[in-house]
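The values are calculated or read from the model by the stated rules, or taken from the named source; none is laboratory data. What you see is a predicted model; the values in this text were computed from it and never measured. Heads up, the Cβs are rebuilt from the backbone with ideal geometry, glycines too, and the neighbour counts pull from every protein chain shown. What goes into the accessible areas is simple: the full protein's heavy atoms, side chains included, and nothing from ligands, DNA or RNA. Shrake-Rupley method; radii C 1.70, N 1.55, O 1.52, S 1.80 Å.
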Amino acid sequence: MKTTRAQTGNVFLAYKSVNAIDDLIESWKRDHSPLYNFTATDGIGHTVWVVEDEGTIQAIGGLFASEVPFTYIADGHHRAASAAKVRKALGAAATEASNYFLTTLFPSDQLHILDYNRLVHDLNGHSVEEIVDNLQKEFFVGKVGQAFSPGRLHEFGMYVDGSWYKLVAKEGSFSTDPIGILDVTILQKNILEKYLGIRIRGRTSGSILWVASAGLPNWKNGVNSGEMKSGL
């Protein structure tokens, strides 16, 4: 199973794969019929099993308790933060259900992270030289000779005017709270908003185009054609 986003309302969690958990779930699937098994209109198949045996539920829970010390939010950071804020605001009025929110969990060896890039129509009145100079206030900026795909936290690739740049966020240039430390937040606040004047409301903006899973060589064609000015 490969996915990149959680369904609406869910928080998408990932965890380091555990063979014992995989074996237990695969055993259940072999011995039981799925509750749902269908192909959606986009051609993607969906098969859902329900684990309803109390002993198996306890076994799965026990393995997570002993073998999975941490889970990582792959998508849904804002939903998780909002749920925590609501729980805190409720105070004494909170019910037991307020201590939980819906999640999906995926083992790391069943995930594939795809590129999710942004193309911008213009540089907000700046020249390329001005943009590069301004970005050096919050980033270490270096021109690289080929397509650059980030491999570490707080790294970004930028393609503009026929050249690739590697950007590394400087310590102290971003907030370290659970939302502020995210690369998507750093990109939005320290590049898109600060220098390009793009303030996102939802996922639409006349100045920006999201490009998912297109691959670096493909989306740079939109810049080279002159239709877009830069890719990040």
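Across the range 173-187, computed HN-Hα scalar couplings (Karplus, 6.51 cos²θ - 1.76 cosθ + 1.60, θ = phi - 60°) run 8, 9, 6, 9, 6, x, 8, x, 7, 5, 4, 5, 6, 4, 4 Hz from first to last residue, x flagging Gly and Pro. Think of a 1.4 Å ball rolled over the protein heavy atoms: the range 82-133 then has 69 Å² of accessible area per residue. For the range 44-59, the residues whose backbone nitrogen is under 17 Å from a point 7 Å from the Cα of residue 105, taken along Cα to Cβ, are 49-59. Accessible surface of residue 141, taken over heavy atoms with a 1.4 Å probe and every protein chain present, rounds to 40 Å². Share of pairwise Cα-Cα distances greater than 23 Å in the range 50-209 is 55 percent (whole percent).
Here the spin labels are modelled as points 7 Å beyond Cα on the Cα-Cβ line, and at residue 194 and residue 85 they lie 2.2 nm apart. With Cα atoms as the point set, the range 29-118 shows a radius of gyration and Dmax of 17.4, 47 Å.
Under 5 Å from the amide H of residue 106 lie the amide H atoms of 13, 14, 15, each residue being 5 or more positions distant or on a separate chain, with H modelled from the backbone and absent for Pro and chain starts.
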